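Written below as structure tokens is the structure these notes are about.
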Amino acid sequence: MNKPVIVLNSGLIDLLDEEELRFVIAHELGHALSGHNVYRTLLLRLMGMSGIFYALPGGALGLRAIIAALMEWSRKSELSADRAGLLATQDPAVATRVHMKLASGGHLDDLDITSFFAQASEYEETEDLRDSVLKLFLVEGQSHPFNVVRASELRRWTESGEYTSILKGSYPRREDDATAKVSDAARDAAKSYSAAFASTRDTLGRLVHDVAGFMGSAKLWIDEKFGSRGTE
């Protein structure tokens, strides 16, 4: 972790041009600077010990929940690293080309950007509950999101204005890390998930959002009814 190493295989070098390789290297540097290796190592160790936990009563279910949470974190860390890659290249078209090439293994002459993003929309906005559940099981064991999803998320982030704000110099500095609060980061993460569920057209995502909203409303109702009574 103190001396990270980045390895680029020959196939990747043959496939990508210089600016696209810059995006990939910056993506990996984003992982290194963000300290993602700690949780990645933890995930790999837990997966390696899965046989031991599966032998314990209830261990398999508990381990699966932990691994699923770490896998979700891993997928989100890829999105963060993609943002680092974009900030280094400062060219969204380069990032899109990388994801298109990695998704197909082909060259741009064989690809169509409109169809690529249409595929991302179809994946993200399924209205069939069965498809949503199948999608959940499909990505549960994946450490990386699908490339169409990564490209779509990066474009959404660019269009949100956060990318432009960072380019103008508005972002946290490392010298402020000592005063940064984990609770604030957790609160921001919760808001991000809530906003994602609120705006999704995915059936399962809407269901999660509606259930969470119902539980939140029920808690407020209980607090109002019984909390005030206890203070009288």
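Each reported figure results from applying straightforward, stated rules to the coordinates on display, with no laboratory input. On a predicted model such as this, the values are computed, not experimentally measured, just so you know. Neighbour counts are summed over all protein chains in view; Cβ atoms, including those assigned to glycine, are modelled from backbone coordinates with ideal geometry.
A compact table of results
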item	result
Restraint check, Lys101/Lys135; Lys76/Lys135; Lys3/Lys101; Lys3/Lys135, Cα-Cα greater than 25 Å	Lys3/Lys101; Lys3/Lys135
Length gained when the stretch Arg156-Leu44 is fully extended (0.36 nm per residue, less Cα-Cα span)	37.3 nm
Footprinting exposure proxy for Val98, Val5, Val148 (fewest neighbouring C-beta atoms within 10 Å first)	Val5, Val148, Val98
Percent breakdown of C-alpha pair distances by 10 Å bin, ordered from the shortest bin, for segment 10-171	9, 32, 34, 19, 5, 0
Relative contact order %, segment 10-171, counting alpha carbon pairs below 8 Å whose residues are six or more apart	30 percent
In order through segment 89-96: 3J(HN,Hα) via Karplus (6.51 cos²θ - 1.76 cosθ + 1.60), integer Hz, x for Gly, Pro	7, 6, 8, x, 5, 5, 4, 5
Per-pair calculated FRET efficiency, R0 = 35 Å: Leu15 and Ile66 via Cβ, rounded to 0.05	0.50
